[in-house]
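Input: a single structure, listed below in C-alpha coordinates.
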Amino acid sequence: MPVLLTFGDSNTHGTPPMADRLTYARFDTATRWPRVAQAALGPEWELVEEGLPGRTAQFDDPVMDGMMNGHPALRQALQSHGPIDVLTLMLGTNDVKTRFGAGPEVVMAGMAALLDLATGIELQARHGGFKVLLICPPPVQEVGVLAVDFWGAAAKSRALSPLYAALAASRGVGFLDAGTVIETSALDGVHFDAGTHGILGRAVAGAIAAL
(Lines give C-alpha, C1' and ligand atoms only; values in the text may rest on other atoms or scores of the structure.)
Protein backbone atom coordinates (compact mmCIF):
# COMPACT_ATOMS: atom_id res chain seq x y z
CA MET A 1 0.00 0.00 0.00
CA PRO A 2 1.40 3.45 -0.87
CA VAL A 3 2.15 5.65 2.14
CA LEU A 4 1.76 9.43 2.34
CA LEU A 5 3.62 11.42 5.02
CA THR A 6 2.30 14.95 5.56
CA PHE A 7 4.83 17.16 7.37
CA GLY A 8 3.87 20.62 8.54
CA ASP A 9 2.64 22.91 11.28
CA SER A 10 -0.73 23.63 12.90
CA ASN A 11 -2.50 23.71 9.56
CA THR A 12 -1.35 20.16 8.90
CA HIS A 13 -2.20 19.23 12.49
CA GLY A 14 -5.74 20.54 11.97
CA THR A 15 -5.91 23.51 14.33
CA PRO A 16 -9.12 25.52 13.74
CA PRO A 17 -9.10 29.32 13.55
CA MET A 18 -8.46 30.68 17.05
CA ALA A 19 -10.67 33.12 18.92
CA ASP A 20 -8.37 32.97 21.96
CA ARG A 21 -4.95 31.60 22.87
CA LEU A 22 -5.99 29.23 25.65
CA THR A 23 -8.35 26.79 23.93
CA TYR A 24 -6.78 23.73 22.30
CA ALA A 25 -8.84 22.25 19.48
CA ARG A 26 -8.29 20.01 16.48
CA PHE A 27 -10.54 19.21 13.56
CA ASP A 28 -11.68 15.60 13.34
CA THR A 29 -10.47 12.99 10.89
CA ALA A 30 -13.28 13.72 8.45
CA THR A 31 -12.19 17.35 8.20
CA ARG A 32 -8.39 17.60 8.30
CA TRP A 33 -6.85 18.13 4.88
CA PRO A 34 -4.38 15.22 5.09
CA ARG A 35 -7.28 12.84 5.70
CA VAL A 36 -9.25 14.42 2.86
CA ALA A 37 -6.25 13.96 0.57
CA GLN A 38 -5.88 10.34 1.62
CA ALA A 39 -9.55 9.66 0.89
CA ALA A 40 -9.30 11.36 -2.50
CA LEU A 41 -6.23 9.33 -3.44
CA GLY A 42 -8.05 6.08 -2.79
CA PRO A 43 -8.60 3.35 -0.18
CA GLU A 44 -5.24 1.73 -0.87
CA TRP A 45 -3.35 4.71 0.53
CA GLU A 46 -2.03 4.88 4.09
CA LEU A 47 -1.38 8.18 5.87
CA VAL A 48 1.12 9.41 8.46
CA GLU A 49 0.20 12.83 9.86
CA GLU A 50 3.16 14.85 11.15
CA GLY A 51 1.76 18.30 11.89
CA LEU A 52 2.99 20.22 14.94
CA PRO A 53 1.49 23.60 15.93
CA GLY A 54 4.22 26.24 15.92
CA ARG A 55 6.67 24.27 13.78
CA THR A 56 9.05 26.29 11.65
CA ALA A 57 11.29 25.33 8.77
CA GLN A 58 14.44 26.39 10.60
CA PHE A 59 14.00 28.29 13.87
CA ASP A 60 14.10 27.14 17.49
CA ASP A 61 11.27 29.23 18.90
CA PRO A 62 12.15 30.51 22.40
CA VAL A 63 8.50 31.31 23.06
CA MET A 64 7.36 27.76 22.28
CA ASP A 65 9.75 25.54 24.25
CA GLY A 66 12.63 26.16 21.83
CA MET A 67 11.87 22.94 19.93
CA MET A 68 10.00 24.00 16.81
CA ASN A 69 12.77 23.63 14.23
CA GLY A 70 11.48 21.39 11.47
CA HIS A 71 14.90 20.19 10.29
CA PRO A 72 15.67 17.68 13.05
CA ALA A 73 11.97 16.84 13.27
CA LEU A 74 11.84 15.90 9.58
CA ARG A 75 14.84 13.64 9.94
CA GLN A 76 13.20 11.96 12.93
CA ALA A 77 9.91 11.55 11.07
CA LEU A 78 11.61 9.98 8.08
CA GLN A 79 13.53 7.67 10.37
CA SER A 80 10.45 6.77 12.43
CA HIS A 81 8.09 5.94 9.58
CA GLY A 82 8.38 4.10 6.36
CA PRO A 83 8.90 3.11 3.83
CA ILE A 84 6.95 6.05 2.45
CA ASP A 85 6.06 6.84 -1.14
CA VAL A 86 5.17 10.55 -0.99
CA LEU A 87 6.18 13.36 1.37
CA THR A 88 4.36 16.68 1.48
CA LEU A 89 6.11 19.69 3.04
CA MET A 90 4.05 22.74 4.00
CA LEU A 91 5.93 25.12 6.28
CA GLY A 92 6.88 28.78 6.34
CA THR A 93 3.88 30.37 8.03
CA ASN A 94 5.53 30.43 11.45
CA ASP A 95 8.87 31.48 9.96
CA VAL A 96 7.43 34.89 9.04
CA LYS A 97 6.56 35.68 12.67
CA THR A 98 7.89 39.06 13.75
CA ARG A 99 10.25 37.64 16.37
CA PHE A 100 12.37 35.81 13.80
CA GLY A 101 12.99 38.84 11.58
CA ALA A 102 13.23 36.59 8.53
CA GLY A 103 12.65 37.91 5.03
CA PRO A 104 11.15 35.78 2.24
CA GLU A 105 14.54 34.60 0.96
CA VAL A 106 15.53 33.41 4.44
CA VAL A 107 12.27 31.50 4.79
CA MET A 108 12.85 29.92 1.39
CA ALA A 109 16.37 28.94 2.46
CA GLY A 110 14.92 27.03 5.40
CA MET A 111 12.70 25.10 3.02
CA ALA A 112 15.71 24.42 0.81
CA ALA A 113 17.44 22.73 3.74
CA LEU A 114 14.39 20.53 4.32
CA LEU A 115 14.24 19.58 0.64
CA ASP A 116 17.96 18.82 0.58
CA LEU A 117 17.46 16.52 3.56
CA ALA A 118 14.43 14.78 2.05
CA THR A 119 15.92 14.32 -1.41
CA GLY A 120 19.38 13.34 -0.21
CA ILE A 121 20.87 9.92 -0.83
CA GLU A 122 20.63 8.70 2.78
CA LEU A 123 16.90 9.09 3.36
CA GLN A 124 15.89 8.33 -0.20
CA ALA A 125 17.76 5.04 0.02
CA ARG A 126 16.23 4.28 3.41
CA HIS A 127 12.75 4.40 1.87
CA GLY A 128 13.59 2.93 -1.51
CA GLY A 129 12.91 6.33 -3.07
CA PHE A 130 9.96 8.66 -2.49
CA LYS A 131 8.46 11.68 -4.19
CA VAL A 132 8.15 15.12 -2.61
CA LEU A 133 5.45 17.76 -2.97
CA LEU A 134 6.41 21.23 -1.73
CA ILE A 135 3.34 23.26 -0.73
CA CYS A 136 3.53 27.01 -0.29
CA PRO A 137 1.08 28.01 2.46
CA PRO A 138 -1.43 30.77 1.72
CA PRO A 139 -0.47 34.26 2.88
CA VAL A 140 -1.27 35.22 6.44
CA GLN A 141 -3.49 38.12 7.42
CA GLU A 142 -2.60 40.37 10.34
CA VAL A 143 -5.89 40.04 12.22
CA GLY A 144 -7.31 38.60 15.42
CA VAL A 145 -5.52 37.23 18.44
CA LEU A 146 -2.42 36.26 16.45
CA ALA A 147 -1.91 39.66 14.79
CA VAL A 148 0.78 40.71 17.27
CA ASP A 149 2.87 37.61 16.45
CA PHE A 150 2.57 38.22 12.73
CA TRP A 151 3.07 41.99 12.64
CA GLY A 152 4.61 42.75 9.24
CA ALA A 153 4.22 39.15 8.08
CA ALA A 154 1.49 39.55 5.48
CA ALA A 155 3.77 41.14 2.89
CA LYS A 156 6.54 38.62 3.54
CA SER A 157 4.21 35.65 3.18
CA ARG A 158 2.80 37.00 -0.09
CA ALA A 159 6.33 36.96 -1.52
CA LEU A 160 6.92 33.25 -0.81
CA SER A 161 5.07 31.61 -3.70
CA PRO A 162 7.45 32.45 -6.57
CA LEU A 163 10.44 31.62 -4.38
CA TYR A 164 8.99 28.25 -3.43
CA ALA A 165 8.08 27.52 -7.04
CA ALA A 166 11.61 28.24 -8.22
CA LEU A 167 13.03 26.18 -5.36
CA ALA A 168 10.85 23.20 -6.22
CA ALA A 169 11.93 23.40 -9.86
CA SER A 170 15.59 23.56 -8.84
CA ARG A 171 15.23 20.41 -6.74
CA GLY A 172 13.03 18.52 -9.19
CA VAL A 173 10.09 18.10 -6.81
CA GLY A 174 6.39 18.81 -7.18
CA PHE A 175 4.89 22.16 -6.22
CA LEU A 176 1.49 23.42 -5.14
CA ASP A 177 0.70 27.04 -4.30
CA ALA A 178 -2.04 26.62 -1.71
CA GLY A 179 -2.79 30.32 -1.96
CA THR A 180 -4.27 29.77 -5.42
CA VAL A 181 -7.02 27.55 -4.02
CA ILE A 182 -7.57 28.64 -0.39
CA GLU A 183 -7.24 31.58 2.00
CA THR A 184 -6.57 31.77 5.70
CA SER A 185 -9.45 32.48 8.05
CA ALA A 186 -10.43 36.11 8.66
CA LEU A 187 -10.80 35.18 12.35
CA ASP A 188 -7.10 34.75 13.13
CA GLY A 189 -5.43 35.22 9.74
CA VAL A 190 -3.39 32.02 9.99
CA HIS A 191 -5.52 28.88 10.24
CA PHE A 192 -7.98 27.23 7.85
CA ASP A 193 -11.67 26.72 8.45
CA ALA A 194 -13.33 23.34 7.94
CA GLY A 195 -14.40 23.87 4.34
CA THR A 196 -10.96 25.16 3.42
CA HIS A 197 -9.39 21.94 4.66
CA GLY A 198 -11.54 20.00 2.24
CA ILE A 199 -10.57 22.19 -0.70
CA LEU A 200 -6.88 21.92 0.11
CA GLY A 201 -7.02 18.19 0.67
CA ARG A 202 -8.51 17.58 -2.76
CA ALA A 203 -5.98 19.93 -4.38
CA VAL A 204 -3.12 18.10 -2.68
CA ALA A 205 -4.46 14.76 -3.87
CA GLY A 206 -4.55 16.07 -7.42
CA ALA A 207 -1.00 17.37 -7.16
CA ILE A 208 0.21 14.04 -5.79
CA ALA A 209 -1.48 12.14 -8.59
CA ALA A 210 0.41 14.35 -11.05
CA LEU A 211 3.85 13.72 -9.53
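The values are calculated or read from the model by the stated rules, or taken from the named source; none is laboratory data. What you are looking at is a predicted structure, and each value in this text was computed from that prediction instead of being measured. Counting neighbours? That spans all protein chains shown, and the Cβs are built from the backbone with ideal geometry, glycine included. For accessibility, only protein heavy atoms count, side chains too; no ligands or nucleic acids. Shrake-Rupley method; radii C 1.70, N 1.55, O 1.52, S 1.80 Å.
Details
- Normalised contact order of the chain, rounded percent, pairs of Cα under 8 Å and 6 or more residues apart: 27 percent
- Cα-based helix-to-principal-axis angle, 160-171 vs the chain, degrees rounded to 10: 20 degrees
- Peptide packing for 81-89, 46-54, 165-173, 136-144 was compared via the average number of neighbouring C-beta atoms within 10 Å per residue; ordered from the highest value, the list is 136-144, 81-89, 46-54, 165-173.
- For segment 8-83, the ratio of Cα radius of gyration to the globular rule of thumb 2.2 N^0.38 Å stands at 1.23.
- Accessible area expressed per residue, the chain, with surrounding protein chains retained (probe 1.4 Å, Å²): 42 Å²
- Rounded to the nearest whole Hz, the Karplus-based 3J(HN,Hα) values (6.51 cos²θ - 1.76 cosθ + 1.60, θ = phi - 60°) of segment 101-111 follow the sequence x, 9, x, x, 5, 5, 4, 4, 4, x, 5, with x at glycine and proline.
- Seen from every direction in turn and averaged, the convex hull around the alpha carbons of segment 114-171 projects onto 5.1 nm².
- Here segment 4-135 has 55 percent of its accessible surface on carbon and sulfur atoms, given a 1.4 Å probe and all protein chains in place.
- In sequence order, segment 138-146 has phi-based couplings of x, x, 7, 10, 8, 9, x, 5, 9 Hz under the Karplus curve 6.51 cos²θ - 1.76 cosθ + 1.60, θ = phi - 60°, and Gly or Pro positions carry x.
- Taking only the alpha carbons of segment 61-203, we obtain Rg and Dmax values of 15.4, 45 Å in that order.
- For the peptides 110-118, 151-159, 3-11, 183-191, the ranking by mean Cβ contacts within 10 Å, running from highest to lowest, is 3-11, 183-191, 110-118, 151-159.
- Point-charge dipole on Cβ atoms (K/R +1, D/E -1) for the chain, about Cα centre, debye to 20: 220 debye
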